[in-house]
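Each remark here refers to the structure printed beneath this line.
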Amino acid sequence: MPTTPFETLSEHACFGGVQRFYRHASSTIGLPMRFSVFLPAQAAQGPVPALVYLAGLTCNEETFMTKAGAQRYAAEHGLALIAPDTSPRGADIPGEADAWDFGLAAGFYIDATQAPWATHYRMESYLVQELLPTLLEHLPLDGARLGITGHSMGGHGALTLALKYTDLFRSVSAFAPICAPTQCPWGQKAFTGYLGADTTTWQGHDASALMARQSAAPYPQGILIDQGLADKFLAEQLHPHLLEAACAQIGQPLTLRRHAGYDHGYYFVSTFMADHVAHHAAALR
């Protein structure tokens with residue numbers, strides 16, 4: 001078996017395929033990083049399409065793979081799953097772990113420009129320039145058929161990266177995403193810390209602002225978003241109506257489903273996971 005630049009931490013048979021957890025030395029982050037990959041049985045025959053999942057605040061590379069139940073559906077569609085961690089680990093920055101919504105496990109999938117965060121908190125470059133190219137080189141994944149999804153902070157990451165790298169991702173969806181981080185406390189706190197007080201630099205990391213800038217629909221096959229109406233963060237933090245308005249402004253097809261009774265957690269995510277995997281599988285065929 002050819003050598004790879006990442007270390008397998010554990011491996012588990014799963015729905016006819018294999019679930020692996022990895023660690024590697026990231027040159028972009030400057031620290032060891034962990035990630036997880038599910039490969040369906042079809043990967044034994046050749047490269048398969050892949051869906052990247054970005055997790056939310058306080059989560060890591062294990063959260064999605066252990067809580068969302070996505071492997072069953074990915075196996076049915078012959079789709080690989082990729083889940084990175086949510087921030088660097090081991091940077092040992094003073095105050096890094098003082099708050100659950102900034103610092104450790106709260107990287108927001110952006111490249112920090114402010115000291116002391118700029119040295120290691122470079123999640124956007126890590127994902128796009130290092131992790132995905134490395135996986136495409138060493139695993140049976142089809143780089144022409146990549147989708148991206150995520151939850152909460154990870155939904156923000158999925159939407160913004162999909163809008164910034166339309167040549168890389170062919171499909172996008174999200175669960176309860178932070179749709180306008182420049183206009184909510186979570187985003188304002190993170191962007192002030194990572195990017196500085198100049199709010200003009202924040203716009204390039206706000207899905208609603210990025211969508212409004214598009215000259216045409218970047219995903220004409222549609223974007224799928226699910227949002228629980230019993231989500232305690234909906235009114236203050238998530239603002240899906242702002243993304244909805246931006247999509248309408250440029251003619252981007254959006255299926256925004258609002259569900260009574262559902263909260264922000266993984267019971268909600270797992271309930272609608274089959275629909276999201278099917279959404280991506282259809283676009284990536």
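Counting only protein heavy atoms, what percent of the accessible surface of the chain is carbon or sulfur at a 1.4 Å probe? Don't jump to the answer; show the numbers that get you there.
Numbers: 5670 of 11070 Å².
Whole-percent figure for carbon plus sulfur exposure: 51.
For the chain, the alpha-carbon coordinates run over 50, 42, 36 Å along the three principal axes, in decreasing order.
Here the chain is assigned +1 on the Cβ of each Lys and Arg and -1 on the Cβ of each Asp and Glu. Its dipole about the Cα centre then comes out at about 500 debye. Surface analysis of the chain yields an accessible area of 39 Å² per residue, using protein heavy atoms and a 1.4 Å probe. Shape verdict for segment 84-242, please, from the Cα gyration tensor: rounded (a/c under 1.5), prolate (a/b greater than b/c) or oblate. Taking the square roots of the gyration eigenvalues as a ≥ b ≥ c, segment 84-242 is oblate. When the Gaussian network model of the chain links Cα atoms closer than 10 Å, the mean-square fluctuations of W202, W100, W186 top out at W100.
The values are calculated or read from the model by the stated rules, or taken from the named source; none is laboratory data. This structure is a prediction, so every number in the text was calculated from the model and none was measured. For neighbour counting, all protein chains shown are included, and Cβ atoms are generated from backbone atoms with ideal geometry for every residue, glycine included. Side chains included, ligands, DNA and RNA excluded: accessible areas come from the protein's heavy atoms. Shrake-Rupley method; radii C 1.70, N 1.55, O 1.52, S 1.80 Å.
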